[in-house]
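Peer 1: The following block contains the structure, expressed as structure tokens.
Each value in this text was obtained by applying a stated rule to the coordinates, not by laboratory testing. Since the structure is predicted, the reported quantities are computational estimates derived from the model, not experimental observations. Here the Cβ is made from the backbone with ideal geometry for all residues, glycine too, and neighbour counts use every protein chain on show.
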Amino acid sequence: MNPRSIGLWLLLILFLTTSALATQTQVPGASTTEMPDLVVYNGVLYIFYNNLGSGVYYQTSSNGTTWSGASAVPSTQTVYKSPAAAVFNNKIYLCYRHNAGGAGSGIFMVNMDSGGNWSGETEFKPGGFGIIARGDPAIAAFSSKLYLAYTLDSPIEVRFASSTDGSTFGAAVTLPSAISNSGPAAYAFSSLLYIFWRNTGDANKYATVQAAGGVSGPFSPGGSTSYEPHATVHGSALYLIYRGASSNNLYTRFTINGSSWSSESDTGADSSKGPGGTSFGGSLWLTYKGVSSNTVYVNNL
């Protein structure tokens, strides 16, 4: 069998194994009006969410179905919209916008070590300068650095900055032709950092960042969305997860070579906002709020 045929078979297998949705599980006690996020840390699944404007809360699970009680993340009472999570240097890092009473506000960060100790809140200042963002920021570890991607409020463009220590960030880099009214998504795959965004016409777009700093794009994975997209790696594939532009349906697309994308697959889940997701226990897991409620759900594909 030639390499192209092997690649097509892998795409078919991945499509068949991620096109059916298992029964959704409600995360007990979790409520949000925004997008929750998932991250795996030391073999445990963590969910983070904006607890109805009272701060970032989190819960943990060893199997994705049985969850701990909710705990508040200290110093996050002024969170606005949705938090994003990533693991870097054996710590969980969260980023989120402050509630400044308007559409635009600054980005702040906290982190938790393996002992469960949370740091104080620090402001994200690329190149030493505070910024005003719109939409939700994204955070990802790539090539021994922590990357934070965001949509600047004015001018409206998608940018990113990186840090070797998780606190001091270099100057921001603007992605080419990346204009969005929403925040981006970011995830490392196949020696590149992928940054996705919803463009002004609702189409999904992305660019790639090399470890040395080179940027390529924009490219189109297909599909469109009305909220922030989400990205994660599961198995040998990079997944783009998003809410439809004209429906509550949550969809996935994936690539195994970093450039050729599968067709759109309906997960069977619905939400009034965008989803989060991660790979855990051999399955691709989604998290999202309900369509007409603030209930938080998880689901494994």
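Peer 1: Based solely on its DSSP helices, what 222 nm [θ] is calculated for the chain when runs of n ≥ 4 H residues each add -39,500 (n - 2.57) and the sum is averaged over all residues, nearest 500 deg cm²/dmol?
Peer 2: Result for the chain, helices only: -2000 deg cm²/dmol.
Peer 1: Rounded, prolate or oblate, given the Cα gyration tensor of the stretch 131-244, with a/c below 1.5 counting as rounded?
Peer 2: Oblate shape, in that a/c is at least 1.5 and b/c is the bigger or equal ratio.
Peer 1: Same structure again: Using a 7 Å offset from the Cα along the Cα-to-Cβ direction at both Ala211 and Thr122, what is the distance between the two label points in nm, to one decimal?
Peer 2: Here the modelled spin labels are 2.4 nm apart.
Peer 1: Let me ask something additional. By the scheme Lys and Arg +1, Asp and Glu -1, what is the net charge of all other residues having a beta-carbon under 13 Å from that of Gly170?
Peer 2: +2
Peer 1: Return a whole-number percent for the relative contact order of the chain, with Cα pairs under 8 Å and 6 or more residues apart as the contact set. Mind showing how you got there, number by number?
Peer 2: Details: 837 pairs, mean separation 46.7, N = 301.
Once divided by the residue count of the chain, the mean separation gives 16 percent.
Peer 1: Can you give me the C-alpha center-to-center distance between the stretch 50-121 and the stretch 236-301, rounded to a whole angstrom?
Peer 2: 21 Å
Peer 1: If I compute volume of the Cα convex hull per residue in Å³ from the structure I just sent, which labelled value in [x] 240; [y] 123; [z] 139 lines up?
Peer 2: The value computed from this structure is option [y].
Peer 1: Give the relative contact order (percent, whole number) for the stretch 134-197; include only Cα pairs under 8 Å separated by 6+ residues.
Peer 2: Relative contact order comes out at 35 percent.
Peer 1: Starting from the Cα of Ser68, step 7 Å along the direction of its Cβ; do the same at Ser191; then give the gap between the two resulting points in nm.
Peer 2: Calculated label separation equals 3.8 nm.
Peer 1: For the stretch 186-259, calculate the relative contact order in percent as a whole number, restricting contacts to Cα pairs under 8 Å that are 6 or more residues apart.
Peer 2: 24 percent
Peer 1: Ser143 to Ser177: extension gain in nm, 0.36 nm per residue of separation minus the Cα-Cα distance?
Peer 2: 9.8 nm
Peer 1: So, one more: Among 125-131, 249-255, 238-244, 29-35, how do they line up by average Cβ neighbours within 10 Å per residue, starting with the highest?
Peer 2: Those peptides, ordered most packed to least, come out 238-244, 249-255, 29-35, 125-131.
Peer 1: So, one more: Got a sec? Which residues in the stretch 224-252 would a label at Ser260 touch, if it sits 7 Å along Cα→Cβ and we count backbone N under 17 Å?
Peer 2: Output list for this probe position: 236-239.
Peer 1: A follow-up question, please. Would you mind checking the pairs Lys145/Lys289; Lys81/Lys125; Lys91/Lys289 and listing those with alpha carbons more than 23 angstrom apart?
Peer 2: Cα-Cα > 23 Å for Lys145/Lys289; Lys91/Lys289; rest within.
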